[in-house]
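Everything on this sheet refers to the single structure shown next.
The values are calculated or read from the model by the stated rules, or taken from the named source; none is laboratory data. Just so it is clear, the model here is predicted, and its values are computed rather than measured. Here the Cβ is made from the backbone with ideal geometry for all residues, glycine too, and neighbour counts use every protein chain on show.
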Amino acid sequence: MILGDLLGTPVFDADGVRLGRVADARFVLDGTPHQLMAEPRLLGLVVGPHSASSFMGYERNGLTQPRMIARILRWRHRGSFLVLWEDIAMVGAGSVRLRPGYTRYSPALDEGGQAETRN
């Protein structure tokens, strides 16, 4: 599956309750940072309950300018969360289903672009 095909796909919990749509994907590099051949690995998917549009970089902590754009985008993405790849039970052509007991993590990135995996 191509990642672009997954964006906007509805996401459901194990009971079939719609949680939102896939808004983004988070990758990590396995290996030393700035290593020439570091392997990217899918960490998880960002689920947006209100919008599946791009965060446009405003998921980074500390990015607040221009203030009006930052405020609008944070409002549009309120309630968004990161779900780790291990918590995804199924990715189908028209939906993503999560495992029972999945954990919602913050979709925020730190200054270095790393996912903050805390609730």
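General remarks:
- Against the numbered list (1) loosely packed, with under 12 Cβ neighbours inside 10 Å; (2) at pLDDT below 65; (3) small (G, A, S), S51 comes up short only at (1).
- Checked against the criterion of being surrounded by fewer than 19 Cβ atoms within 10 Å (Cβ to Cβ), in a loop (DSSP other than H, G, I, E, B) and modelled with pLDDT of 65 or more, the candidates G112, G57, G79, G62 yield just one match: G79.
- Flag not set for V28, criterion: surrounded by 10 or more Cβ atoms within 10 Å (Cβ to Cβ), modelled with pLDDT of 90 or more and either under 13 Å from the mean Cα position of the chain (by Cα) or closer than 14 Å to P107 by Cβ (or both).
- Boolean, D15 is more than 18 Å from G79 (Cα to Cα) and at pLDDT 85 or above: yes
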